[in-house]
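Participant: Take a look at this one; I'll ask things after.
Please treat every number below as a calculation from the coordinates, not as lab data. It should be emphasised that the depicted structure is a prediction, and the values quoted were computed from it without experimental measurement. With ideal geometry, Cβ positions are generated from the backbone for all residues, glycine too; neighbour counts draw on all protein chains shown.
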Amino acid sequence: MDMTPPDGPLRPTGSADRTDRAAGRTRRIADASAASALVALELLALDAVLDLWFPARLTLGPVAPPPPHPLWGYLAITGALCALLVWTARAARRRGARVTAWTQGLMAVATAVLLMCGTSESFHGYATMPPPDGCGTSPSVPRCGG
């Protein structure tokens with residue numbers, strides 16, 4: 001005749017607490033590891049975008065200013081990365097991975113700031129262009145200070 005209780009063998013009183021704490025610690029370690037790996041991958045992605053943009057602006061020729069190079073393609077890639085970061089942060093939050101959700105949220109904010117700075121820089125390049133000279137083609141050329 002089997003003398004074990006119907007709900008399984010008896011355990012010491014504190015054993016369930018230790019098991020729950022160990023499982024929680026394991027989940028937190030896995031969450032932090034996933035967050036660290038995702039941050040490293042995102043920094044590599046941003047570095048790849050920068051590595052594509054920087055050589056396009058680099059000139060090794062004479063001391064002439066480099067030709068204008070639009071940032072819009074690089075900003076589109078960065079915006080897609082930012083959207084992916086927001087989606088990952090939301091998915092991690094639903095899953096209960098607090099560390100991953102926070103790090104992805106912070107990376108999304110940092111990437112959005114980079115995106116706004118790049119957009120501002122791109123618009124600044126258009127704003128500093130000199131206006132066209134209207135005197136060269138107007139009928140009042142003799143009266144244009146020349």
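Participant: Using the count of nearby Cβ atoms within 10 Å as a rough guide to exposure, how do ILE77, ILE29 rank from fewest to most?
Facilitator: ILE29, ILE77
Participant: Counting other beta carbons within 10 Å of each Cβ, put VAL113, VAL49 in order, fewest first.
Facilitator: Ranking VAL113, VAL49 by Cβ neighbours within 10 Å, fewest first, gives VAL113, VAL49.
Participant: Here is a follow-up. VAL86 versus ASP47, label points 7 Å from Cα toward the beta carbon: distance in nm?
Facilitator: Inter-label distance under the simple model: 2.7 nm.
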